[in-house]
Amino acid sequence: MVRRKSYLCALVSLIFAIVLFSACAPNPRMQLISPNMVVIGEGETFVPPTPTPRPRIADLSPEEIYVGLPDSIADLLPGDPANGQSLTVPYNCISCHQLDLSLVDVAPTWAEVADTAVGRAQNLGSPGPAEYLYISIVNPNAFIVDGYSSDIMPATYVDDLSEQDLADILTYLLTLRSE
Ligand code: HEC
């Protein structure tokens, strides 16, 4: 009788332990949401919180865009964007830099590069976006974009391009912006 009771007792404890364990186990059907997501309303819709707006070149005045450039370049601005664009072919810029987001592994994309330059300049805490772009062309190792190698972009453009060519390329790059 005593043995039977302890057997029963062990069985009940086992069942209790199983119930307790399964109650604590995560529910595999539960909707997992990242801490970055918030629920709106009652429905099933999850939307990320509004991201910090990306800086846009369109929000800056010409003075804010051109600040920090050498006078010899600033005096030539705005240059001729069409000529700047055509120079990017013989000088091979666009064999490394894509104009869209599809292939961005060799060099940073030029899609909306003018807006990108505003953010990069802000992060560097100093030059304006045009100066950032200008320095990136004439001295590619001055700033290295995260995730890219420092010794890929030729450092010879400063000798190969005239100041007018540089001003034209700069003017062209400043047109590559979000709508
Ligand atoms: C052989 C490949 C290659 C060629 C050719 C090349 N670049 Fe680059 N460029 C890179 C790489 C890689 C980087 C990123 C590393 C760095 O910051 O130097 C870069 C960075 C840049 C940046 C900064 C982009 C950013 O997102 O911050 C600019 C502007 C730029 N290049 C302009 C030019 C221009 C203008 C030309 C042509 C006159 C040119 N590049 C030709 C490879 C190239």
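The values are calculated or read from the model by the stated rules, or taken from the named source; none is laboratory data. None of these values were measured; they are calculated from a predicted model. Don't worry about glycine lacking a Cβ; one is built from the backbone with ideal geometry, like all the others, and counts go over all protein chains shown.
Quick notes on this one:
- In the set S102, S72, S22, S6, only one residue is over 16 Å from L173 (Cα atoms) and at pLDDT below 65; that residue is S22.
- Scanning the stretch 71-118 for residues that are within 19 Å of the chain's Cα centre (by Cα) and at positive phi returns a single hit, E112.
- T88 vs. criteria touching a Leu at 6+ places or on another chain (Cβ under 6 Å), modelled with pLDDT of 65 or more, within 16 Å of the ligand (Cβ to nearest atom) and not charged (D, E, K, R): no
- Single match in L176, L124, L170, L133 (criterion: aliphatic (A, V, I, L, M) and closer than 18 Å to L101 by Cα): L176
- Flag if V113 is more than 10 Å from the ligand (Cβ to nearest atom) and of a type in the set (A, V, I, L, M, F, W, C): no
- Screening I169, I152 for residues that are surrounded by 15 or more Cβ atoms within 10 Å (Cβ to Cβ) and closer than 22 Å to G84 by Cα leaves exactly one candidate, I169.
- Among residues of the stretch 88-101, those that are part of a helix (DSSP H, G or I) and surrounded by fewer than 17 Cβ atoms within 10 Å (Cβ to Cβ), counted: 3
- Hits in the stretch 91-110 - residues which are aliphatic (A, V, I, L, M) and more than 10 Å from the ligand (Cβ to nearest atom): L99, L101, L103
- Residue match in the stretch 136-150 (condition: among the aliphatic types (A, V, I, L, M), out of contact with any strand residue (DSSP E or B) (no Cβ under 9 Å at 6 or more places or on another chain) and closer than 15 Å to I73 by Cα): yes
- Residues satisfying the stated conditions in the stretch 120-179, i.e. in a loop (DSSP other than H, G, I, E, B), in contact (Cβ under 8 Å) with a residue 24 or more places away in the chain, more than 6 Å from the ligand (Cβ to nearest atom) and of a type in the set (S, T, Y): S126, S178
Matching residues to (1) among the polar types (S, T, N, Q); (2) touching a Cys at 6+ places or on another chain (Cβ under 6 Å); (3) closer than 27 Å to S61 by Cβ:
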residue	(1), (2), (3)
N92	yes, no, no
C96	no, no, no
G125	no, no, yes
G128	no, no, yes
D151	no, no, no
D160	no, no, no
